[in-house]
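Remarks on the structure that follows.
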Amino acid sequence: MTRLFVLLVLSALVLPGSALAQKKIPKAKGHNQCPLGYVNTLGSSCVSPIYYEMTPTNGEACPSGWMNVGAGYCRKK
């Protein structure tokens with residue numbers, strides 16, 4: 001199972017035009033890590049093989065209907 005997940009993540013990074021949905025977001029200001037569900041590209045962005053609706057927290061609490069996933073981001077529930 002773990003090998004399958006790693007393969008899916010790597011294929012999403014290598015094959016951006018693949019059938020897997022991919023969402024790329026920039027790292028939030030002041031954060032060096034990626035939010036839950038995202039993989040660090042070792043640059044200034046994070047990617048996920050799953051599409052998530054994300055919004056930066058800008059130091060505020062997440063709005064109603066959103067949950068804090070760390071690294072300066074909220075994800076729609």
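Restrict the check to segment 6-25 and report whether at least one residue is within 14 Å of the chain's Cα centre (by Cα), under 24 Å from LYS76 (Cβ atoms), among the small types (Gly, Ala, Ser) and modelled with pLDDT under 60. Yes, there is a match, as at least one residue in segment 6-25 is within 14 Å of the chain's Cα centre (by Cα), under 24 Å from LYS76 (Cβ atoms), among the small types (Gly, Ala, Ser) and modelled with pLDDT under 60. For segment 32-48, taking the residues that are in a strand (DSSP E or B) and not hydrophobic (A, V, I, L, M, F, W, C), the one that is nearest to the chain's Cα centre (by Cα) is identified as SER48.
Would you check if there is a residue in segment 26-46 being charged (D, E, K, R) and modelled with pLDDT under 90? Within segment 26-46, not a single residue is charged (D, E, K, R) and modelled with pLDDT under 90. In segment 60-74, which residues are in contact with a Gly (Cβ under 8 Å, 6 or more places away or on another chain) and either part of a loop (DSSP other than H, G, I, E, B) or at pLDDT below 95 (or both)? Of everything in segment 60-74, just one residue is in contact with a Gly (Cβ under 8 Å, 6 or more places away or on another chain) and either part of a loop (DSSP other than H, G, I, E, B) or at pLDDT below 95 (or both), namely GLY72. Filtered by the rule that a residue be touching a strand residue (DSSP E or B) at 6+ places or on another chain (Cβ under 7 Å) and either in contact (Cβ under 8 Å) with a residue 40 or more places away in the chain or in a loop (DSSP other than H, G, I, E, B) (or both), segment 50-59 gives TYR51, TYR52, GLU53, THR57.
To keep it simple, each residue is scored yes or no on (1) of a type in the set (Gly, Ala, Ser); (2) surrounded by 16 or more Cβ atoms within 10 Å (Cβ to Cβ); (3) within 16 Å of LYS24 (Cα to Cα).
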| position | (1), (2), (3) |
| --- | --- |
| PRO35 | no, yes, yes |
| TYR38 | no, yes, yes |
| SER44 | yes, no, yes |
| VAL47 | no, yes, yes |
| GLU60 | no, no, no |
| PRO63 | no, no, no |
| MET67 | no, no, no |
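The values are calculated or read from the model by the stated rules, or taken from the named source; none is laboratory data. For clarity, every value in this text was computed on a predicted model and none was experimentally measured. Every residue, glycine as well, gets a Cβ built from its backbone with ideal geometry; the counts of neighbours run over all protein chains shown.
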